[in-house]
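*Asks:* Have a look at the structure that comes next, please.
The values are calculated or read from the model by the stated rules, or taken from the named source; none is laboratory data. Just so we're clear, the structure is a prediction, and the values are computed from it rather than from any experiment. Please note: Cβ atoms are built from the backbone with ideal geometry, for glycine as well, and neighbour counts cover all protein chains shown.
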């Protein structure tokens, strides 16, 4: 999904991954670092300066929330999640899948839908997705939308915390600036309850 981040120079297309990469580079630690300015001078960046850059990234994400009409994304996500739930309920029933034991569905690094942890019908469940590309695509779409919305929520929470206490915010939300960080989506299924779960 591409985002139109509205800045002083107009609309700049960025992906959610690019935004998180920028955030990760904003705060590399609390020691002062040096960088080279456009005229060749060495400029020392303090932890406070890094924090300001991080806050700016969060501000851009908040602007992005308005620019791409996040409420529309959320509505679409909720509709897609409800549709996926209905589809899975019918499919699991027809194939005798036991949902009395929790099923935790995730998207693997290679784009497959897998069952995390142990479940006696793990292979059968994964095969249902492997044999039906449209079902797999529906799940991956819900995963992507949910992960994006979670990232926006975390960024806005960081900005609000930073406005009150910059240092405390950097400590509390330090995980946002880890190089490989992004929210991890899991769809937990138990009985008739389908619950999205996000973890770090």
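*Asks:* Looking only at segment 170-200, how many residues end up being assigned to a strand (DSSP E or B), within 13 Å of the chain's Cα centre (by Cα) and surrounded by 12 or more Cβ atoms within 10 Å (Cβ to Cβ)? Give the derivation first.
*Replies:* Just the residues of segment 170-200 that are assigned to a strand (DSSP E or B), to begin with: 184-190, 193-199.
With within 13 Å of the chain's Cα centre (by Cα) added as a condition, the list becomes 184-186, 196-199.
Restricting the remaining residues to those that are surrounded by 12 or more Cβ atoms within 10 Å (Cβ to Cβ) gives 184-186, 196-198.
Going through segment 170-200 one residue at a time, the tally reaches 6.
*Asks:* Output the number of the condition that residue 126 fails; it satisfies all remaining conditions of (1) touching a strand residue (DSSP E or B) at 6+ places or on another chain (Cβ under 8 Å); (2) farther than 30 Å from residue 176 by Cα; (3) without any contact (Cβ under 8 Å) to a residue 60 or more places away in the chain; (4) not in a helix (DSSP H, G or I).
*Replies:* Looking at each condition in turn, residue 126 falls short on (4).
*Asks:* Evaluate the following for residue 146: is it touching a strand residue (DSSP E or B) at 6+ places or on another chain (Cβ under 8 Å) and within 23 Å of residue 87 (Cβ to Cβ)? Outline the logic, then answer.
*Replies:* Working: touching a strand residue (DSSP E or B) at 6+ places or on another chain (Cβ under 8 Å): yes; within 23 Å of residue 87 (Cβ to Cβ): yes.
Yes, satisfied.
*Asks:* Residue 136: closer than 23 Å to residue 75 by Cα and more than 18 Å from the chain's Cα centre (by Cα), yes or no? Write out each step before concluding.
*Replies:* Details: closer than 23 Å to residue 75 by Cα: yes; more than 18 Å from the chain's Cα centre (by Cα): yes.
So residue 136 passes the test.
*Asks:* Here is a follow-up. Pairs under 6 Å by beta carbon, first residue within 14 Å of residue 109 (Cα to Cα) in segment 129-146, partner part of a helix (DSSP H, G or I) and at pLDDT 95 or above, six or more apart or different chains?
*Replies:* These pairs meet every condition: 136/129.
*Asks:* Of the residues that sit in segment 100-119 and are in contact (Cβ under 8 Å) with a residue 12 or more places away in the chain, more than 17 Å from the chain's Cα centre (by Cα) and outside any strand (DSSP E or B), which one is surrounded by the most Cβ atoms within 10 Å (Cβ to Cβ)?
*Replies:* 119
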